[in-house]
Each structure stands twice: as structure tokens, then as C-alpha cells.
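What follows is one structure encoded as C-alpha cells, with my remarks underneath.
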């Protein structure tokens, strides 16, 4: 009876995970060091989805996060000789995060979330209307 | 599988609704009384309500950040309870009809 709602629920959770990753990317737009403090810039991350409510679910209903992968594209190189993380040539490597891409991804994630809420509402209405058959 | 998806949408009262519609299957399965089906559904509604309550309290305690999962659990419990009430009302109507029969 509520299988449809579990599908919508899994999609909402997945979209939230996507939004988290996008927010992390935007937050680390200028991060020139890694968590250990070494001069390795932040690498843009992307969420990958797979069908099924959880890993190994071959029923194919719903969606789940298959993993978070790193974007292998090159870092942005900016000449800034005074920067503490500059290399011997005075260049600083900034993360390969493009703000425009991230903002568009955020809009897509938001719209997808909205669409899933609409799908949930539709299935809710179907159950309510089914009740009218008896009431 | 395809049938499962088709029924899943509307088939809320699935157990109840589909029994009279498929007499062939019913005789194969043996007699399932209305009472058993109803009690089974009541248990289902109860477990959904407990699920919703657990989701709400874990959210209130700050253990989870997943708002949507909690809201959906609450909605599921609400719809299940409304369905149960609809069936109960229908049953009571039937009882009233019979009790008002003139002998």
C-alpha cells in the first residue's frame, strides 16, 4: 500500500545527499589544503545514484546513493606568490569547483526534490480517493 | 511484479478489496475470514503508527536530520488510520442497518 511512498522517500533522501555534496563543493570553493593541512586543494565531489531502495536491491524500485566520486579535472592555477600555499613558481592551486556549475546543480537538485514531493502528494491523493469508494 | 506495482498504488485496502475480485485465488488459498484480514490490517496500522512515533521522537531528540523520512512516516500512519476508520464506519453502518430491521 505504501510502497510508492517509500520510493518517493528514498528519492528525497537521495536528493538531500546530493544537496549536501553541492553545499560542500561551494563551501570549499577556496580551500587550498586538505583535512590534514597539506597543500593539496579540495577536489570537487559528485554523488552517484543507483536504482533500488538500498545497495544490492535488484527490484529496481526507488533510488539510493551508490557512492561519492571525485572529479578528476585539473585544479585552477592562480599566480599568487605571497600565498602560503604557493609552489616554487608562485602559483597557487585552487579547487576544481566551478560556482556556476554548482549553482545550476543546486537548482536541479531542488527541482528534483520538488518533483518527488509532488509524486508523493499524488500517491497520497490516490489513497484518499480510494477511501471515497467506501466512505 | 507488474501486478504488484499496479496494485501498490491504489491497493491500500488491497487485502480487502482484492479478495472478492479474485474468487479463483481465494479458493486455492482456503478460507480467509474477513475478521482475520481486518485484524491483520489493524496490526499493520498499529506498526505504522509506532514507526511514525519512533521517527518523530528520534527527530525531536536530534538523532536524525532526515525530515522527509519522518514526515512520510507520519503521513503513512495517518492514511492507514484513516483507511481503517473508513472501514470501521462502514462496518458500523452495516450493524446499524441490521439492528434497525423490524421483525
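The base-10 log of I(q)/I(0) for the protein assembly as shown, evaluated at q = 0.13, 0.16 Å⁻¹, reads -0.92, -1.19 [Debye formula, identical scatterers on Cα atoms, solvent excluded]. Panel note: the C-alpha atoms of chain A, placed on their principal axes, show extents of 78, 28, 21 Å (largest first).
If you plug the beta carbon distance of residue A:30 and residue A:115 into 1/(1 + (r/R0)^6) with R0 = 41 Å, you get a FRET efficiency near 0.80. Normalised by the number of residues in the range A:71-122, the average gap of Cα pairs under 8 Å and 6 or more apart makes the relative contact order 27 percent. For residue A:91 and residue A:76, the difference between the fully extended length at 0.36 nm per residue and the C-alpha to C-alpha distance is 4.4 nm.
Between residue B:38 and residue B:63, the C-beta separation translates, for a Förster distance of 41 Å, into a calculated FRET efficiency of about 0.75.
Between the helical axis of A:99-134 and the longest alpha-carbon principal axis of chain A there is an angle of about 10 degrees. Averaged over the residues of B:60-73, the number of partner chain Cβ atoms lying within 10 Å of the residue Cβ comes to 3. The order of the peptides A:77-86, B:50-59 by mean Cβ neighbours within 10 Å, most packed first, is B:50-59, A:77-86. Each stretch of four or more DSSP H residues adds -39500 (n - 2.57); spread over every residue of the protein assembly as shown, this sum gives -21000 deg cm²/dmol at 222 nm. Computed from Cα atoms, the angle from the helix A:3-27 axis to the main principal axis of chain A rounds to 10 degrees. With contacts taken as Cα pairs under 8 Å at a separation of at least 6 residues, the range B:33-103 carries a relative contact order of 33 percent. Quick one: go through the range A:1-38 and flag any residue whose amide nitrogen is under 15 Å from the point 7 Å out along the Cα-to-Cβ line of residue B:47. Zone members listed by number: A:1-3.
Computed from the coordinates by the stated procedures, all read-outs in this text should not be read as laboratory data. Because the structure is a prediction, the values reported are computed rather than measured. With ideal geometry, Cβ positions are generated from the backbone for all residues, glycine too; neighbour counts draw on all protein chains shown.
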